[in-house]
Each structure stands twice: as C-alpha cells, then as structure tokens.
Protein chains: 2
Amino acid sequence: MTAPDNRVVATMDLLVEDRHFRRAWSSPEDVGRKAVAQNFADIAAMGARPTALLVGFAAPRDLPLSWADGLTEGLRAECAHAGGAVVGGDTVAADTITVAITALGDLGGRPAVRRDGARPGDVIAVTGPLGLSSAGYDLLEAGVLGPEDARRALGGAAAGGADPAWAACLREHRRPRPPYAEGPHAARLGARAMLDVSDGLVQDLGHVARASGVAIDLDTAALVPDPALEEAAALLERLGAARRGPVERMLFGGEDHALAAAFPPGTELPPQWRRIGSAAAPGADGAVVTVDGRPARARGWDHFR
Amino acid sequence: MTAPDNRVVATMDLLVEDRHFRRAWSSPEDVGRKAVAQNFADIAAMGARPTALLVGFAAPRDLPLSWADGLTEGLRAECAHAGGAVVGGDTVAADTITVAITALGDLGGRPAVRRDGARPGDVIAVTGPLGLSSAGYDLLEAGVLGPEDARRALGGAAAGGADPAWAACLREHRRPRPPYAEGPHAARLGARAMLDVSDGLVQDLGHVARASGVAIDLDTAALVPDPALEEAAALLERLGAARRGPVERMLFGGEDHALAAAFPPGTELPPQWRRIGSAAAPGADGAVVTVDGRPARARGWDHFR
C-alpha cells in the first residue's frame with residue numbers, strides 16, 4: 001500500500017505458528033527468511049526497492065532462546081540480502097508464536113505499480129521460479145523433510161546427487177528467493193500492473209484481471225517446468241502423494257513469490273522475464289483468466305500432468 | 001525508528017488479549033483507539049506527523065463480528081483524529097486476539113528527535129495528562145468499570161456529577177489522548193530529546209538520561225495533580241485499593257502517553273509545555289533520574305501521597 005506521501009510503500013503480514021509455519025518443517029532461520037521474503041516480494045511487486053523492516057514477535061516464555069535467535073538471524077540475513085535493514089519492532093509474551101512483519105520500500109520517485117493498470121493487448125510475463133514451492137509443500141506433507149526421509153521414501157537414486165530435485169523443492173518452499181531487483185526493473189520498463197505470486201499464478205492474475213477489467217489468457221507452451229519440478233512431481237506420484245503435474249503446479253501452486261506483470265505491447269523484455277500470456281478486452285465470461293483459451297480450474301486438470 | 005531514507009519514521013506494537021487489553025474492561029472501540037494512540041504517540045515523540053497505519057489482526061474464527069467491527073471503527077476514528085489513514089494490513093485466524101500496529105510518520109524534512117540528545121542545562125518539560133491512566137487502571141482492578149460499579153463502590157456523591165473523577169480516569173486509561181501536534185511543535189522549538197510517557201515518567205526519562213549521558217532532576221513542586229486525579233486517588237484509598245498518591249502516580253504511573261522532552265536552556269516554552277525539571281552533568285550516581293534531588297523509587301513513597 002502506498003503511504004500518503006507517495007514516496008514510501010508499506011506492507012504487513014502476520015504469521016502464526018501451525019497456521020503459516022511449522023517448527024517441525026522449517027528451521028527458525030527458514031521462518032525468518034521466508035517472513036521477510038514474502039513481504040519484500042510485495043514491496044518489489046509495487047516497483048519499489050526494499051528498505052526497512054519492523055518485526056513484532058509474540059512468543060511463549062518457555063520458547064528456547066535458540067529458536068528466537070535463529071529467527072532473528074533469518075530475518076537479518078534475508079533483509080541484508082534484499083538490501084534493507086531491521087529498524088524496529090516489539091517483543092511480547094503470548095501463548096502462540098506470532099510474527100508480524102511490516103516492510104517498507106522506496107519508490108525512487110516513481111508511482112507505485114498497482115494491480116489495476118493492465119490494458120487489452122498487454123503482454124503478461126513472469127520472473128522467478130514457479131511450482132517448486134508447491135512440490136516442496138507436498139513433499140513435507142509426505143514426510144520428506146530431509147536426506148534421511150528422502151532415502152527411505154525415494155530410494156538411493158532419487159534421493160542422491162549434488163542437488164536432488166526434492167531438495168531444490170524443499171528449499172524453494174522453506175526459503176523462497178523472490179527476484180527483488182526485478183520489481184523496480186519492471187517498473188522502469190513500464191510495467192502497468194504487477195504482483196508477487198503467493199496464492200498461485202492463476203489466482204493472483206485473477207486479481208489483476210478483475211482490478212484492471214481485462215481478460216488474461218496464459219499459454220502453457222510458454223510454461224516450461226524446471227527439471228527439478230518435473231522430477232519432484234514424478235516422485236510425489238510414485239509416493240502416492242498429491243497428484244499434480246508440473247504445469248498444474250506452475251499454474252496453481254502457492255508461495256512461489258515469483259513476480260508477474262503486465263507490460264505494454266511491444267515492450268522489449270529482458271531474458272529473465274518470460275512472456276507467458278496476454279491481456280485482452282473481456283469477452284462474454286468477463287475479466288477472467290483462461291489457460292490456452294479454456295477456463296482455468298485447479299482440480300482435475302489431468303491433461304496438464 | 002527512522003527508516004533509512006530519513007524522511008519517514010515507523011514504529012510497531014503488538015497487543016495481545018489479556019496481556020495488553022481485556023475485553024471485559026474495554027470496548028473494541030477503546031482497544032482500537034488506544035492501539036493507534038500509543039503508536040502515533042511514539043511517532044509524535046520523534047517530532048513527526050502521524051500519516052499512515054498498517055494493522056495486522058489475528059483472531060479466533062468464533063470472535064463476534066461486532067467486536068471486529070468495533071475495533072476497526074476505533075482504529076479508523078483515532079487514525080482520523082491524529083491526521084493519518086489506515087493504508088494496509090493483514091487478517092489471519094489464530095487462537096488469541098492479537099493486534100499488530102505499524103505507524104508511519106512524516107518528519108517534514110527535520111531529523112528525527114531521539115532519546116540521546118539531552119545536554120546538561122536542558123529544561124525537562126512535559127505536555128499532556130499524567131497519572132490519570134494509572135488511577136483508571138486501579139479503578140478497573142477494583143471493579144469500577146462504569147456508573148453502576150461507581151455508585152455501589154463510591155456512593156452517590158463520589159459517583160455522580162457531570163464528569164466524575166472516576167470517569168475521567170477510566171477514560172484516560174481506555175482512550176488516552178496523546179498531544180500529537182505537540183511532537184512536531186516541540187521539534188520546531190528545538191527539542192533535543194523526546195519520548196512519550198508509556199512506562200511512567202521516571203522510568204521513561206531514565207531512558208533519556210542513560211542514552212544522553214545526563215542526570216535528570218524532577219521538581220515535585222511543578223507536578224500539580226489534576227483535581228480528578230486527586231479525587232480518584234482518595235477514592236481508591238477509601239476502597240482499600242492501590243495506595244499511591246497523586247504525585248506518585250504522575251511520577252510512576254504508566255500508559256499516560258503524554259510527551260516529555262528536553263529543550264535547550266532559554267527555550268521559550270508555550271503554556272501547554274510545563275517545565276518539570278532539568279538535566280545536569282551526571283554526578284557520582286551517574287545518568288540517573290532524581291526527584292527533588294533524591295533517588296527516585298516507585299515503592300513506599302508515602303511522602304508523595
């Protein structure tokens with residue numbers, strides 16, 4: 001959201017234990033890094049440079065100090081990585097661990113990029129990984145938390161190697177790496193609408209479509225899955241866990257924290273931005289998101305597997 | 001805290017039910033107004049004008065909608081009163097009501113007033129009510145929540161009148177009214193250190209004394225209690241409740257949200273700022289706060305009653 005002076009943008013998220021993170025699934029450093037990443041991704045999606053963070057931390061008095069230290073280290077590290085600094089906060093006692101994050105960003109004199117600026121004819125493009133976080137979540141749910149579980153569940157070949165697929169997916173889920181610098185970059189390139197992909201590409205672009213009054217069609221030919229995503233999706237199927245194909249995960253998987261934007265037609269996009277679709281005047285169905293010209297639905301899309 | 005660009009200041013507080021507020025003691029509008037007041041008072045104490053608020057709200061799914069609506073109304077009303085606007089936030093489900101508030105303020109081109117700028121010879125002054133909130137808290141603890149309780153506990157004479165003392169103290173506790181505009185005003189007058197009195201005047205000025213490396217002496221002759229405070233202190237004594245005299249409440253009572261500041265010697269203070277003491281080079285005791293030249297202690301100060 002833009003603060004009234006139009007120079008600073010700000011965003012806030014609340015994370016509650018066992019609703020937004022699990023201590024059994026993520027280290028405190030992971031929780032800290034992800035908390036910052038999802039907020040600074042929001043800042044970047046407005047076209048701003050992350051600058052400052054305020055952290056509210058509510059925790060039971062018997063929480064191990066090492067957990068709080070780990071969280072702080074994760075917050076600090078991701079903040080430094082994104083180019084910001086922790087400038088304040090509050091610590092209180094409570095029954096449940098709750099982390100409140102406010103992130104501030106600097107627009108560098110430009111207006112904030114919002115969700116309502118897409119126009120018919122715009123190019124829809126994305127930067128950053130898609131789908132891996134969703135596979136990571138399903139791996140955690142299937143009990144694959146680390147190398148031991150992977151060996152047991154997947155066998156030596158699938159579990160091993162320098163950077164096995166399951167490890168890449170867990171990493172994207174635990175420590176997403178939003179392409180922070182691409183937010184201001186896209187704004188300078190003229191992006192008319194932008195957001196970070198947190199609830200799934202189709203759902204989030206639905207916000208852009210409705211706010212902008214355009215229809216958006218995505219082209220699955222342009223959605224080329226990461227090899228690790230393909231492999232992890234196959235592994236999950238072998239485990240009898242969630243049956244979602246790699247392209248379906250790219251379209252509907254949450255917590256990617258990639259950036260998606262609408263650019264004016266003819267914008268010369270740098271290689272890190274992949275064109276994945278286009279905006280048009282809304283048809284009979286209204287301001288909706290379609291995939292290859294057909295209604296986009298998350299469940300039962302077997303043809304995407 | 002100052003954001004890195006030095007134009008915007010930001011502050012965050014977490015409020016947890018039954019630790020920072022009680023639904024039995026305060027209406028949801030009260031909770032909302034106080035949550036904003038304590039954060040915007042922090043903003044004002046840095047010499048900034050309150051501009052924007054972000055609100056994180058965690059609540060059980062079975063919380064009555066009317067409570068959430070009341071909270072929102074209180075947040076909105078105090079925000080408007082202070083001159084700011086709610087610009088964003090987050091709502092999540094949780095077992096305990098938790099309100100996270102981030103407040104932003106505009107320094108108007110001035111540097112932020114901090115706690116470490118007081119110098120020997122400075123005048124210590126205060127604006128806003130002191131002690132009434134503390135009496136309000138003790139009245140609530142003694143079961144005086146409204147007119148019925150007041151009549152029962154205090155008798156007709158003490159309870160009645162247009163604005164009885166107990167009502168004034170409850171109001172200051174439930175809905176503190178920080179003198180927002182006096183923060184930037186004090187900055188323009190040259191205030192070298194400032195804070196809002198949230199933990200009690202002596203304790204908070206202790207932060208200024210230590211951060212600035214000065215000793216601060218307060219003059220009780222300048223601490224003239226509000227008549228409502230005198231009356232409420234007497235009522236509390238009659239009730240057999242907390243035995244703290246009015247001046248002791250002014251020195252040690254919390255949640256006043258008055259502003260206290262150090263001004264250079266010779267500053268012409270407007271009438272709303274009362275001179276209550278002075279700063280000096282630290283003596284043998286170091287950077288401490290004294291009252292009438294004697295060590296300041298909260299307990300057992302019967303001579304202040």
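The values are calculated or read from the model by the stated rules, or taken from the named source; none is laboratory data. Please read these numbers as outputs of a predicted model, since none were measured by experiment. Here the Cβ is made from the backbone with ideal geometry for all residues, glycine too, and neighbour counts use every protein chain on show. Side chains are part of the model used for accessible areas, which takes the heavy atoms of the whole protein and leaves out ligands, DNA and RNA. Shrake-Rupley method; radii C 1.70, N 1.55, O 1.52, S 1.80 Å.
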Check your understanding: Quick one: would you say A:Arg76 is of a type outside the set (Asp, Glu) and under 19 Å from A:Val16 (Cβ atoms)?
Key -> no
Practice item. Identify, from the list B:Leu107, B:Leu63, B:Leu53, B:Leu71, the residue that is under 22 Å from B:Ala258 (Cα atoms) and out of contact with any Leu (no Cβ under 9 Å at 6 or more places or on another chain). Key: B:Leu107
Review point. What is the number of the single condition among (1) β-branched (Val, Ile, Thr); (2) within 18 Å of A:Leu14 (Cα to Cα); (3) touching a Pro at 6+ places or on another chain (Cβ under 8 Å); (4) more than 14 Å from chain B (Cβ to nearest Cβ) that A:Thr72 does not meet?
Key: (3)
Check your understanding: Residue check: is A:Leu65 more than 7 Å from every other protein chain (Cβ to nearest Cβ) and without any contact (Cβ under 8 Å) to a residue 24 or more places away in the chain?
Key -> yes
Practice item. Out of A:Val144, A:Val86, A:Val99, A:Val123, report the one residue that is touching a helix residue (DSSP H, G or I) at 6+ places or on another chain (Cβ under 6 Å), among the hydrophobic types (A, V, I, L, M, F, W, C) and at pLDDT 95 or above. Key: A:Val99
Check your understanding: Of the residues that sit in region A:1-12 and are at the interface with chain B (Cβ under 8 Å from one of its Cβ atoms) and open to solvent by 30 Å² or more (accessible area, probe 1.4 Å), which one is modelled with the highest pLDDT?
Key -> A:Arg7
Check your understanding: Only one residue in A:Phe21, A:Phe40 is buried (at least 22 other Cβ atoms within 10 Å of the Cβ), aromatic (Phe, Trp, Tyr) and within 18 Å of the chain's Cα centre (by Cα), so which one is that?
Key -> A:Phe40
Practice item. Kindly provide the set of residues from region A:110-137 that are in contact with an Asp or Glu (Cβ under 8 Å, 6 or more places away or on another chain) and part of a loop (DSSP other than H, G, I, E, B), ordered by number. Key: A:Gly128, A:Pro129, A:Leu130, A:Gly131
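Going by what's in this entry, would B:Ala298 be described as within 21 Å of B:Ser198 (Cα to Cα) and either touching a helix residue (DSSP H, G or I) at 6+ places or on another chain (Cβ under 8 Å) or at pLDDT below 95 (or both)?
Considered against the rule, which asks whether it is within 21 Å of B:Ser198 (Cα to Cα) and either touching a helix residue (DSSP H, G or I) at 6+ places or on another chain (Cβ under 8 Å) or at pLDDT below 95 (or both), B:Ala298 comes out as yes.
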Review point. Which of the residues belonging to region B:179-197 are part of a strand (DSSP E or B) and either among the acidic types (Asp, Glu) or open to solvent by 10 Å² or more (accessible area, probe 1.4 Å) (or both)?
Key: B:Asp196
Exercise for review: Would you mind stating whether B:Leu53 is within 14 Å of chain A (Cβ to nearest Cβ) and over 22 Å from B:Ala181 (Cβ atoms)?
Suggested key: no
Exercise for review: Output the number of residues of region A:84-134 satisfying the condition of being buried (at least 23 other Cβ atoms within 10 Å of the Cβ), more than 9 Å from every other protein chain (Cβ to nearest Cβ) and more than 20 Å from the chain's Cα centre (by Cα).
Suggested key: 2
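To keep it simple, each residue is scored yes or no on (1) open to solvent by 50 Å² or more (accessible area, probe 1.4 Å); (2) touching a residue at least 24 places away in the same chain (Cβ under 8 Å); (3) in contact with a Ser or Thr (Cβ under 7 Å, 6 or more places away or on another chain).
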{"site": "A:Glu248", "(1), (2), (3)": "no, yes, no"}
{"site": "A:Gly254", "(1), (2), (3)": "no, yes, yes"}
{"site": "A:Ala260", "(1), (2), (3)": "no, yes, no"}
{"site": "A:Phe263", "(1), (2), (3)": "no, yes, no"}
{"site": "A:Thr267", "(1), (2), (3)": "no, yes, no"}
{"site": "A:Gln272", "(1), (2), (3)": "yes, yes, yes"}
{"site": "A:Ile276", "(1), (2), (3)": "no, yes, no"}
{"site": "A:Ala281", "(1), (2), (3)": "yes, yes, no"}
Practice item. Please find, among A:Ala221, A:Ala150, the residue that is outside any loop (DSSP other than H, G, I, E, B), in contact with a helix residue (DSSP H, G or I) (Cβ under 7 Å, 6 or more places away or on another chain) and either over 20 Å from A:Arg114 (Cα atoms) or in the same structural domain as A:Leu235 (by TED's automatic domain parsing) (or both). Key: A:Ala150
Point to revise | A:Ala234 being in contact (Cβ under 8 Å) with a residue 60 or more places away in the chain, over 16 Å from A:Val123 (Cα atoms) and of a type in the set (A, V, I, L, M) | key: no
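When you check B:Ala68 against the structure, is it crowded, with 20+ Cβ neighbours inside 10 Å, small (Gly, Ala, Ser) and on the phi < 0 side of the Ramachandran plot, yes or no? Can you show your working first?
Numbers: crowded, with 20+ Cβ neighbours inside 10 Å: no; small (Gly, Ala, Ser): yes; on the phi < 0 side of the Ramachandran plot: yes.
Here the answer is no, as B:Ala68 does not meet what is asked.
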